[in-house]
Amino acid sequence: MITLALSKGRIFEETLPLLAAAGITVGEDPEKSRKLILPTNQPDVRIVMVRASDVPTYVEHGGADLGVAGRDVLLEHAAGGVGASSGLYQPLDLKIARCRLSVAVREDFDYASAVRQGSRIRVASKYVHLARQHFADKGVHVDLIKLYGSMELAPLTGLADAIVDLVSTGGTLRANHLREVEKIMDVSSRLVVNAAALKLQREPIRRLIEAFASALPQD
Ligand code: ATP
Ligand code: MG
């Protein structure tokens, strides 16, 4: 049995065509079903639905053999350092769920002069480790505030001066009178594989990786 960990929403939807290329179809829609384990048309392949940020943990500890997770989630997980992520192979950038991790501030906040003057900046993020690394590299002093969602609200309520969050079109930022001031990194989702599973089930996992690779847009 091969177990693949996915999260609801864009990762599930954008992984479906890749699964199809490997001859795998999923019978149920996770948005409609309450089931957390979804069978597929292949009796030896199943999908487990987990929170996006839990995918690395499932795969690392063998709760799933493979998973699909954003680069943001993978780097934040590794930087969190609850044990080195040595059991986690990343054989493939799937180039799905593309966005960027950026710093954003309120339209009326003068980020450039705050940085120039060496002020302490209060930064709210779900990605506290990546945010800490970014500002440390720039030599900017920050107070970090961990949030689990709706980051855009933090600068609007005075909780923080800046946020570190994912941006794709920038529409959400604009709708909340926020401005992107710095890109930290480009983000896409990767296939991750449990190292022990790769040894024990080398052939079926290798076939899956190859089918995924052949279904990716060539660029
Ligand atoms: P959770 O409910 O656990 O907080 P989430 O809100 O992060 O999960 P998604 O919004 O589905 O879940 O994001 C999953 C992944 O998709 C992110 O880790 C990121 O890599 C990518 N992603 C997030 N937002 C966007 C976006 N607006 N455009 C493209 N990709 C995105
Ligand atoms: Mg989201």
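The values are calculated or read from the model by the stated rules, or taken from the named source; none is laboratory data. No experiment lies behind these values; they were computed from the predicted model shown. Here Cβ is always computed from backbone atoms with ideal geometry, including for glycine, and neighbour counts include all displayed protein chains.
Filtered by the rule that a residue be under 18 Å from Asp72 (Cβ atoms), more than 16 Å from ligand 1 (Cβ to nearest atom) and out of contact with any helix residue (DSSP H, G or I) (no Cβ under 7 Å at 6 or more places or on another chain), the range 104-135 gives Arg132, His134, Phe135. The strands (runs of 3 or more DSSP E) falling completely within the range 85-162 that include 1 or more residues that are modelled with pLDDT under 95 map to 88-106. Considering each residue of the range 10-19 in turn, none proves to be modelled with pLDDT under 95, more than 16 Å from the chain's Cα centre (by Cα) and not hydrophobic (A, V, I, L, M, F, W, C). Checked against (1) touching a residue at least 40 places away in the same chain (Cβ under 8 Å); (2) among the small types (Gly, Ala, Ser); (3) surrounded by fewer than 21 Cβ atoms within 10 Å (Cβ to Cβ), Gly70 passes all but a single condition, namely (3). Flag not set for Ala197, criterion: away from ligand 1 (no atom under 14 Å from the Cβ), assigned to a helix (DSSP H, G or I), surrounded by fewer than 20 Cβ atoms within 10 Å (Cβ to Cβ) and small (Gly, Ala, Ser). Applying a threshold of 6 Å to beta carbon distances and a minimum spacing of six or more residues, or different chains, the list of pairs starting in the range 200-213 at a residue that is surrounded by 12 or more Cβ atoms within 10 Å (Cβ to Cβ) and ending at one that is in a helix (DSSP H, G or I) reads Ile205/Leu198; Ala211/Ala21; Phe212/Leu18.
Residue count for the range 32-55, restricted to those that are touching a helix residue (DSSP H, G or I) at 6+ places or on another chain (Cβ under 8 Å) and assigned to a loop (DSSP other than H, G, I, E, B): 2. Scanning the range 163-194 for residues that are more than 11 Å from ligand 1 (Cβ to nearest atom), in a loop (DSSP other than H, G, I, E, B) and of a type in the set (S, T, N, Q) yields a single hit, Asn176. Return the residue satisfying two criteria in turn: it lies in the range 168-194 and is under 16 Å from the mean Cα position of the chain (by Cα), crowded, with 19+ Cβ neighbours inside 10 Å and within 16 Å of ligand 2 (Cβ to nearest atom), and of such residues it is farthest from Val59 (Cα to Cα). Here the answer is Val187.
Looking at Asp143 and the list (1) more than 13 Å from ligand 1 (Cβ to nearest atom); (2) more than 30 Å from Thr40 (Cα to Cα); (3) in contact (Cβ under 8 Å) with a residue 60 or more places away in the chain, which single condition is not satisfied? Among (1) more than 13 Å from ligand 1 (Cβ to nearest atom); (2) more than 30 Å from Thr40 (Cα to Cα); (3) in contact (Cβ under 8 Å) with a residue 60 or more places away in the chain, Asp143 violates only (3).
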